[in-house]
Amino acid sequence: MLSDKMQAALNDQINMELRAYYTYLSMSAYFQDSGLPGFAAWMFHHAEEEMTHAMKLYDYIHVRRGKVKLQAIPEPPHTWDSPLAAFEDAFEHERKVSISIDKLVSLAREEGDHATNSFLQWFVDEQVEEEEVVSNAIDKLKLVGDFGPGLYMLDKEMAADAAAGEGETEAEA
Ligand code: OFO
């Protein structure tokens, strides 16, 4: 049985994952509109991963006989100043998710809720990898800068990564 506090915190986390899903889907649309289909595919794939994270939490609350309470998802931004700005925004989002997961782990430990603590370890590992794949993309975008042919090549690489499920973390593979 989950405590009321833990149930509320897990429901908040579902909302955070769904916000990430919605934001990355909006980024995918932005890349599509910008003539970068490879980035669009990569970001779409990443958005789908966020939905699986939300559903893991959703299922867990049910398994523990808790109540899922879905919350409103705010409208995401629709455009970014550049591909780099979009990925920097994604990185900020991932940092916030990591901090939120750490707080959930601390709460589970405070409450002596070993099952939830164990369940959350998957998310702890996942966040390390998620931050890494997004920051790798940022590094590449910084290298390429405004050089059009470089961006074109990078778009092809992102398309190949998305098709191969790369950017997908080990835990999800
Ligand atoms: Fe990329 O954040 Fe989910 O967990």
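So, in region 51-66, exactly how many residues are touching a residue at least 60 places away in the same chain (Cβ under 8 Å) and away from the ligand (no atom under 13 Å from the Cβ)?
Total satisfying the criteria: 3.
Are there any helices (runs of 4 or more DSSP H) wholly within region 67-172 with 3 or more residues that are open to solvent by 60 Å² or more (accessible area, probe 1.4 Å), within 13 Å of the ligand (Cβ to nearest atom) and under 30 Å from Ser3 (Cα atoms), and if so which?
Where helices (runs of 4 or more DSSP H) fall fully within region 67-172 and carry at least 3 residues being open to solvent by 60 Å² or more (accessible area, probe 1.4 Å), within 13 Å of the ligand (Cβ to nearest atom) and under 30 Å from Ser3 (Cα atoms), they are 83-111, 114-144.
How many residues are small (Gly, Ala, Ser), over 15 Å from the mean Cα position of the chain (by Cα) and open to solvent by less than 40 Å² (accessible area, probe 1.4 Å) when one looks only at region 4-22? Step through it out loud before you land on a result.
Applying the first criterion (small (Gly, Ala, Ser)) to region 4-22 yields 8-9, 20.
Those left that are additionally over 15 Å from the mean Cα position of the chain (by Cα): 8-9.
Filter once more, keeping what is open to solvent by less than 40 Å² (accessible area, probe 1.4 Å): 9.
The number of residues fulfilling the criteria is 1.
Restricting attention to region 23-50, which residues are within 13 Å of the ligand (Cβ to nearest atom) and surrounded by fewer than 17 Cβ atoms within 10 Å (Cβ to Cβ)?
Once the filter is applied, which keeps residues that are within 13 Å of the ligand (Cβ to nearest atom) and surrounded by fewer than 17 Cβ atoms within 10 Å (Cβ to Cβ), region 23-50 yields only Glu48.
Being farther than 30 Å from Leu84 by Cβ and aliphatic (A, V, I, L, M) is the filter here; which residues of region 10-68 pass it?
Hits for region 10-68 are Leu10, Met55, Leu57, Ile61, Val63, Val68.
Is there any pair linking a residue in region 75-102 that is free of Cβ contacts under 8 Å to residues at least 40 places away in the same chain to one that is hydrophobic (A, V, I, L, M, F, W, C) and within 16 Å of the ligand (Cβ to nearest atom), with Cβ under 6 Å and at least six apart or on different chains, and which?
Every condition considered, no pair remains.
The values are calculated or read from the model by the stated rules, or taken from the named source; none is laboratory data. Remember, it's a predicted structure, so these values are computed and weren't measured experimentally. Ideal geometry is used to build each Cβ from the backbone, glycine not excepted, and the neighbour counts take in all protein chains shown. Heads up: the accessible areas ignore ligands, DNA and RNA and are worked out on the full protein's heavy atoms, side chains in. Shrake-Rupley method; radii C 1.70, N 1.55, O 1.52, S 1.80 Å.
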